[in-house]
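Encoded as structure tokens, the structure appears first; notes follow it.
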Amino acid sequence: MSLPGHTVETPAAPPDARTHLLNGGSVARYRATLADGVDRIAKRVADADRPFTGVTPAELAPRITGVDLDRPLGDAGAALDELEQVYLRDAVWFHHPRYLAHLNCPVVIPALLGEAVLTAVNSSLDTWDQSAGATLVERRLIDWTAARIGLGPAADGVFTSGGSQSNLQALLLAREEACRDATGPEARRDLLPRLRVITSAAGHFSVQKSAKLLGLAPDAVLTVPTDAQRRMIPAAVRRQIERCRREGLVVMAVVATAGTTDFGSIDPLADIAALCAAAGVWLHVDAAYGCGLLVSPTRRHLLDGIERADSVTVDYHKSFFQPVSSSAVLVRDRRTLRHATYHADYLNPARMVEQRIPNQVDKSLQTTRRFDALKLWLTLRVMGPDGVGALFDEVIERAAGAWELISEDPRFEVVTRSPLSTVVFRYLPTGPNRHHADGANLHAREALAASGAALVASTTVDGRHFLKFTLLNPETTLDDVGHVLELVAQYAGRYVHERTTADLACQVS
Ligand SMILES: *Cc1c(COP(=O)(O)O)cnc(C)c1O
């Protein structure tokens, strides 16, 4: 019988398990293991002759469910061999010049070095006592980004897991600022369902998700129409604000987008900022995609007006060529970040604020948090901002070339020209076959993905199915674009041909 306080003797961990812990005694294994992993990735990257193999979930699933997780292989080499089968052989490669689908960038090597360093040291950015210099590096990059935006001397912010989290946090701050005068639970209960957020029809869906998470009414997000270039119409925003006032509703934020996900369109930031200032409404600018313009040597002016935002989302993992995750939310007035502050006795007691101990958890929705800022730090220290911006400029120019190529091709219809790097277009069958357009474009995208020769995205425009190129790879040439267009035209044309033959057969029988 065991007595209270009596500890049962635990056998020592097998000596082999201990050798896997990184410490002074295992650095040889650490070096060899990582070097082996890097070697294999380098080989895969060099050998990728297409962005994807076209593998289906049904083909891949048995290889993963077939792995017995309770029977270890014992060494990293064997695990890497297995990984070739379950993952690497059929991965999607964003560095391939014919990967043209989503906002995934090829990554820069200094950032990969940062990734290796930050995971090995494993600092956690919640508190100073878990991070030391890492906290100061992150703060310096926040200040650098805020200065690039032009947010002024009271600006601050924090790194996040991505644009969705940045938008959520910005809207949390906006909600709390809107509720500032609703002191007491009753006033708050009365106000919450009357809060509204205005964004454009081309805004990101994370705005809707955030509204839901923040306990707003199901119809809290008002989407205003866009102009022909898919930019938010300021007069429509003003009308919505006035209508809300008349109806006793409170606009807690306008979300403008600097780089919409589909069209790369940039809302008229200066005009929207002016009317938000006049109405006393929080302006959030979602620059998850367009933030690369902050370092563009030639196109920074496209973001004019962003400096008047109350909060800004930037995704370095989109247009700064950083690996996932690397993102931040910035605010004009650092005091607003207090709405994300909670003091836990064990972690960040209030007295630490007086002692001026920098605890980033006071500003973050996360607690334990990666030192993602290190990737950007090493990128800037090796390449400099102009280097990153020049890469982004190059893909913007390439997208303009692609737009021209498609607009001159009678087989295709192209939507508005993006100031960034997306091209939305569709294959348009002629005459009586036009009603097969939706099916043809959907089919072309699927057939292309199944072949793995290229990856493109699809979206809808005014209810019709379109295809989308998102260019983020400076290695993608106009030849690549032309080649992918030929493939699209072949698949779509064959689809239309088969359908019209089937239509005829129906008519005959
Ligand atoms: C990608 C994107 C987001 C979401 O960012 P994640 O990093 O994917 O969470 C938000 N807004 C816009 C405009 C985006 O393009």
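Derivation of every value follows stated rules applied to the coordinates shown; laboratory data play no part. As the structure is a computational prediction, the values presented were derived from the model and not from experiment. When we count neighbours, we look across all protein chains shown, and the Cβ atoms used for this are built from the backbone with ideal geometry, even at glycine.
Applying the Karplus relation 6.51 cos²θ - 1.76 cosθ + 1.60 with θ = phi - 60° to the stretch 288-298 yields 3J(HN,Hα) values of 3, 8, x, 4, x, 5, 4, 10, 5, x, 10 Hz, where x marks Gly and Pro. Using the Karplus relation 6.51 cos²θ - 1.76 cosθ + 1.60 with θ = phi - 60°, the per-residue 3J(HN,Hα) values for the stretch 304-319 come to 3, x, 5, 5, 9, 6, 7, 8, 9, 9, 10, 10, 5, 7, 10, 10 Hz, with x marking Gly and Pro.
Listed by chain and number, the lysines whose alpha-carbon sits under 24 Å from that of K212, ignoring those within fewer than 8 places in the same chain, are K363.
Between F412 and residues 5 or more places away or on another chain, which pairs have amide H atoms under 5 Å apart, with H built 1.01 Å from N, and which residues are they? Long-range HN contacts for F412: L428. The dipole here belongs to the chain: it is taken about the Cα centre, uses +1 on the Cβ of Lys and Arg and -1 on the Cβ of Asp and Glu, and is about 1200 debye.
Using the average count of surrounding beta-carbon atoms within 10 Å as a protection proxy, the listed peptides 154-162, 321-329, 382-390 rank, highest first, as 321-329, 154-162, 382-390.
With all pairs of different alpha carbon atoms counted, what Kirkwood hydrodynamic radius in Å does the stretch 62-203 show? For the stretch 62-203, the Kirkwood estimate is 20.8 Å.
With 0.36 nm allotted per residue and the present C-alpha distance subtracted, the A489-D49 stretch has 156.2 nm of extension available. Rounded to the nearest 20, the size of the Cβ-charge dipole of the stretch 387-468 about its Cα centre is 280 debye, with Lys and Arg at +1 and Asp and Glu at -1.
Rounded to the nearest 20, the Cβ-based charge dipole of the stretch 123-261 about its Cα centre (Lys and Arg +1, Asp and Glu -1) stands at 600 debye. Where both bridge residues fall in the stretch 112-381, DSSP classifies roughly 45% of the beta bridges as antiparallel. Within the stretch 279-304, what residues put their amide N at less than 18 Å from the label point 7 Å along the Cα-to-Cβ vector of H339? Those under the cut-off are 279-287.
Extending 7 Å from the Cα toward the beta-carbon at both R188 and L22 defines two label points whose distance is 4.1 nm.
Using the alpha-carbon positions of the chain, Rg (one decimal) and Dmax (whole number) come out as 26.0, 90 Å. Residue separation of E446 and R239 scaled by 0.36 nm, minus their Cα-Cα distance, works out to 70.4 nm of gained length.
Taking every DSSP beta bridge that has both ends in the chain, the antiparallel portion is near 55%. Cα centroids of the stretch 400-419 and the stretch 253-329: how far apart, whole angstrom? With the stretch 400-419 and the stretch 253-329 each reduced to a Cα centre, they are spaced 25 Å. Which pairs in the list K43/K318; K318/K375; K318/K468 are over 23 Å apart, alpha-carbon to alpha-carbon? Flagged as over cut-off: K43/K318. Taking Cα pairs under 8 Å and at least six residues apart, what relative contact order does the chain come out at, in percent? Contact order relative to length: 20 percent.
Computed extension gain for A58 through T298, at 0.36 nm per residue and net of the alpha carbon distance, reaches 81.7 nm. Only helical runs count toward this figure. For the chain, summing -39,500 (n - 2.57) over DSSP H runs of n ≥ 4 and dividing by all residues gives -14000 deg cm²/dmol at 222 nm. Highest mean packing comes first when the peptides 299-311, 334-346, 85-97 are listed by Cβ atoms within 10 Å, giving 299-311, 85-97, 334-346. Between the listed residues Y495, P185, V27, the Cα displaced farthest toward the positive end of the dipole of the chain, a dipole computed from Cβ unit charges relative to the Cα centre, is found at P185.
For the stretch 112-381, the spread of Cα coordinates along the three principal axes comes to 54, 49, 30 Å, biggest extent given first. Taken as entire DSSP H runs, the helices of the chain that both span 27 Å or more between Cα atoms along their own long axis and average -0.5 or more on the Kyte-Doolittle scale are 27-47, 373-407, 478-508. Looking at the square roots a ≥ b ≥ c of the eigenvalues of the Cα gyration tensor of the stretch 156-237, which shape do they give, rounded for a/c under 1.5, prolate if a/b is larger than b/c, or oblate? Oblate, since a/c reaches 1.5 and b/c is not below a/b. Here's the picture: charge each Lys and Arg Cβ at +1 and each Asp and Glu Cβ at -1 in the chain, and of G290, F466, W403 the one pushed furthest to the positive end of that dipole is G290. Using +1 at the C-beta of Lys and Arg and -1 at the C-beta of Asp and Glu, which of L391, V67, A454 has the Cα lying farthest in the positive direction of the dipole of the chain? Projecting each Cα onto the dipole axis, the largest value belongs to L391.
Can you tell me the convex hull volume per residue for the stretch 413-489, based on C-alpha atoms, in Å³ to the nearest whole number?
96 Å³
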